[in-house]
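Single-structure report; data block below.
Taken together, the values in this text are just the output of simple stated rules run on the coordinates, not laboratory data. Keep in mind it's a predicted model, so treat the numbers as computed, not measured. Ideal geometry is used to build each Cβ from the backbone, glycine not excepted, and the neighbour counts take in all protein chains shown.
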Amino acid sequence: MANPGGTGAAAFVPAGAALPDLATAIAGCRGCDLADLDGTRAVFGEGPAGARLALVGEQPGDVEDRRGRPFVGPAGKLLDRGLVEAGIERDQVWVTNAVKHFRFRSDGPGSRRIHVTPDARHVTACRPWLAAELNRIRPAVVVILGATAGQSLVGPSFRVTRMRGRLLDGPPGSGARLVATLHPSAILRTPPDARDEAYAGFVRDLAVAASVLI
Ligand code: URA
Ligand code: SF4
């Protein structure tokens, strides 16, 4: 049965559950209409429960959906490189997304699944999962990778160009700082003549986040 508009994920998030139980429970989430897209699954965050840094992307892509892990496709490869250059070890950080289901259309060549940016209603519906993860982990710094993560963690006033690369205060009581930067997919889409510069800025922003941990 379709899920008209969805009512949000809150009803599906088990209260007080630890991360492994959240990761199990999310498979049953029907908090928004992305649960109705055929052949996808919710991709939960991954990393150590004691991570001091969390990275928040937009939503899983085609590769992430097939493998059930965040940031393991082309954008993930770029992210991995940037983390190394910024002195951050990926296996020490929590990696997740603002929206946990892959939104796509499949009218591309050979019925390839083409990424579609999630709407504000998807971001809002899925926020309880992100909040639950971050509540369990309580990282010192949360890196916002692009506009969708910014919508979820800061709100509609978020502008990556204006806010990137600076330490921002997280939600009151969270104890976390926020650092915004470009989404790695935006770097992959940057014209070749400007890509090196975009990537260098991305690494600089990640290094600002890393500086909190020293
Ligand atoms: N883009 C994202 O925002 N997240 C992923 O996990 C992969 C690509
Ligand atoms: Fe639930 Fe988020 Fe998936 Fe929507 S995108 S069904 S809220 S896990």
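Given the C-alpha centroids of the range 141-214 and the range 79-111, what is the distance between them in whole angstrom?
Measuring centre to centre over Cα atoms gives 14 Å.
Once both labels are modelled 7 Å past Cα along the beta-carbon direction, what's the GLN92-THR190 spacing in nm?
For GLN92 paired with THR190, the spin-label model returns 2.5 nm.
Considering Cα pairs under 8 angstrom that are at least six residues apart, work out the relative contact order of the chain and quote it in whole percent.
Values: 413 pairs, mean separation 46.5, N = 214.
Reported as a whole number, the value is 22 percent.
Given charges of +1 on the Cβ of Lys and Arg and -1 on the Cβ of Asp and Glu, with all other atoms neutral, how large is the dipole of the chain about its Cα centre, in debye to the nearest 20? Could the numbers behind the result be given before it?
On the way: 26 positive and 21 negative charges, 43 e Å.
That gives a dipole near 200 debye.
Kirkwood Rh and Cα-based Rg: tell me the resulting Rg over Rh for the range 67-182, rounded to two decimals. Spell out each step's value before the answer.
Numbers: Rg = 15.0 Å, Rh = 15.4 Å.
In the range 67-182, Rg relative to Rh is 0.97.
Can you find, among THR24, PHE71, PRO139, the residue sitting farthest towards the positive end of the charge dipole of the chain, where Lys and Arg contribute +1 and Asp and Glu -1 at Cβ?
Of the listed residues, the answer is PRO139.
Given R₀ = 35 Å, FRET efficiency for ALA27-ASP169 by Cβ-Cβ distance, to 0.05? Mind dumping the intermediate values first?
Details: r = 34 Å, r/R0 = 0.97.
Calculated transfer efficiency: 0.55.
When the helix-only estimate is applied to the chain (DSSP H runs of n ≥ 4, each -39,500 (n - 2.57), divided by the residue count), what is the mean residue ellipticity at 222 nm, nearest 500 deg cm²/dmol? Mind dumping the intermediate values first?
Numbers: 8 runs with 80 residues, N = 214.
My calculation for the chain gives -11000 deg cm²/dmol from helical runs alone.
Give the Debye-formula value of log10 I(q)/I(0) at each listed q (0.18 Å⁻¹), with one equal scatterer per alpha carbon of the range 1-146, two decimals each.
With no solvent term, the Cα-only Debye profile gives -1.05.
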